[in-house]
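Report on the structure given below.
The values are calculated or read from the model by the stated rules, or taken from the named source; none is laboratory data. This is a predicted model, so every value here is computed, not measured. Virtual Cβ from ideal backbone geometry, glycine too; neighbours counted across all protein chains shown. Accessible surface is based on the protein model in full, side chains and every heavy atom, while ligands, DNA and RNA are left aside. Shrake-Rupley method; radii C 1.70, N 1.55, O 1.52, S 1.80 Å.
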Amino acid sequence: MQLIGIDAGGTKTVCLLDDEAGHVLAQARGGSANLQLVGRIEVERVLGELVRSVLARTGRTPTASCVGIAGADRPEDADEVQSIMAGLGLASPALVV
């Protein structure tokens with residue numbers, strides 16, 4: 001099992017791909033992905049770039065993903081981030097917190 005974990009904030013975004021033992025298989029960093037500050041298009045660009053980067057480096061498909069993201073406090077914002085993640089073609093819905 002592999003897990004994508006994303007910490008998306010106002011100044012930087014970090015994406016990790018870990019295995020079931022918690023070993024980091026790949027990591028990528030990018031700019032802000034705060035939904036309220038930069039908007040959906042930029043969040044899509046940043047998350048997409050980082051997820052594609054870690055997947056390309058490992059050739060693995062994650063079985064789960066979690067996005068801790070600033071600016072997605074309301075349910076409709078979390079739904080928007082889930083939609084963005086679904087557009088990346090991941091196998092399962094992302095948990096957005």
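In plain terms, the chain from ASP7 to ARG74 could stretch by 22.4 nm, reckoned as 0.36 nm per residue minus the Cα-Cα distance. Using a probe of 1.4 angstrom and keeping all protein chains present, the accessible surface of the chain works out to 52 square angstrom per residue.
Backbone amide hydrogens, once placed in the peptide plane, bring THR13 within less than 5 Å of GLY30, GLY31, excluding anything fewer than 5 places away on its chain. Think of the range 28-89 as having a plus end and a minus end, set by charges on the Cβ of Lys, Arg, Asp and Glu; of ALA86, VAL54, GLN36, VAL54 sits farthest toward the positive end of this dipole. For the range 1-72, with equal point scatterers placed on the C-alpha atoms only and solvent neglected, what are the log10 I(q)/I(0) values from the Debye formula at q = 0.12, 0.26 1/Å, to two decimals? Debye curve over Cα of the range 1-72, log10 I(q)/I(0) at q = 0.12, 0.26 Å⁻¹: -0.28, -1.10.
For the range 2-97, carbon and sulfur atoms together expose 53% of the accessible surface, with a 1.4 angstrom probe and every protein chain in place.
Summarising the strand pairing of the chain, around 60 percent of its internal DSSP beta bridges are antiparallel. Each Lys and Arg contributes +1 and each Asp and Glu -1, all at the Cβ; summed about the Cα centre of the chain, the dipole is approximately 340 debye. Taking Cα atoms only, the orientation of helix 35-58 departs from the longest principal axis of the chain by about 10 degrees. With contacts taken as Cα pairs under 8 Å at a separation of at least 6 residues, the chain carries a relative contact order of 29 percent. The modelled label-to-label distance between ASP19 and LEU95, using points 7 Å beyond Cα along the C-beta direction, is 2.2 nm. Computed from Cα atoms, the angle from the helix 75-86 axis to the main principal axis of the chain rounds to 40 degrees.
Taking a Cβ cut-off of under 10 Å around LEU3, the surrounding Lys, Arg, Asp and Glu residues balance to a net charge of -3, with basic ones at +1 and acidic ones at -1.
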